[in-house]
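Here's the structure we're looking at; comments come further down.
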Amino acid sequence: MIDILLQFQLFLIPIIVIFFAQLIKFVRLSIRHGIKWDNIFDPGHFPSAHSAFVTSLVVIIGYHENVSSGVFAVASCFAFITIYDAMRVRMQIGMQGRTLNRLVKEIQGIDRKDFPRLKEHVGHYANEVAGGIAVGFLVTIFFIYITTLV
């Protein structure tokens, strides 16, 4: 197992990080609302798994390829776009969902079965993104440390 992690760590560590962030999110949602298996891959909420993933990618590439490399620059740009999308674009989608849900509820004479309830929390607040960045950074540093011991 350690040999595989060492050989493919640039790929595997960010994958482990995103699953770890989703696990934290699932546990938090289960404590608050009970166990709902749909929450395993639920968008939004704390911590941002996307932010954790791209942060992990930036950290591991910075460690192995150097922060002055072109690959690090590309990973950083990819992280910026992903985090921006999580905070701004997907947050707007959630606000639109909330507004449409309210309209469907208030309009008289329509068949509500034709209008399924939309998710209202698909984006992230700044603290959820910050939590994802922290999870991504800390778990990646932990795995880098573990792999240097071997």
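Here, each number is a calculation from the coordinates, and none is a lab measurement. Not measured: the values here are computed from a predicted model. Reconstructed Cβ throughout: ideal geometry from the backbone, glycine too, with neighbour counts over all protein chains shown.
For the reader, a short list of remarks on this structure follows.
- If you run the Gaussian network model on the chain, springs between alpha carbon atoms under 10 Å, then out of Leu103, Leu29, Leu118 the most flexible one is Leu103.
- A Cβ-based charge dipole, computed about the Cα centre of the chain with Lys and Arg at +1 and Asp and Glu at -1, lands at about 640 debye.
- Against the chain, whose longest principal axis is taken from its Cα atoms, helix 70-84 shows a tilt of about 20°.
- Relative packing of peptides 107-115, 45-53 - highest average C-beta neighbours within 10 Å first: 45-53, 107-115
- Ellipticity estimate at 222 nm from DSSP helix runs (n ≥ 4, -39,500 (n - 2.57)) divided over the chain, nearest 500: -23500 deg cm²/dmol
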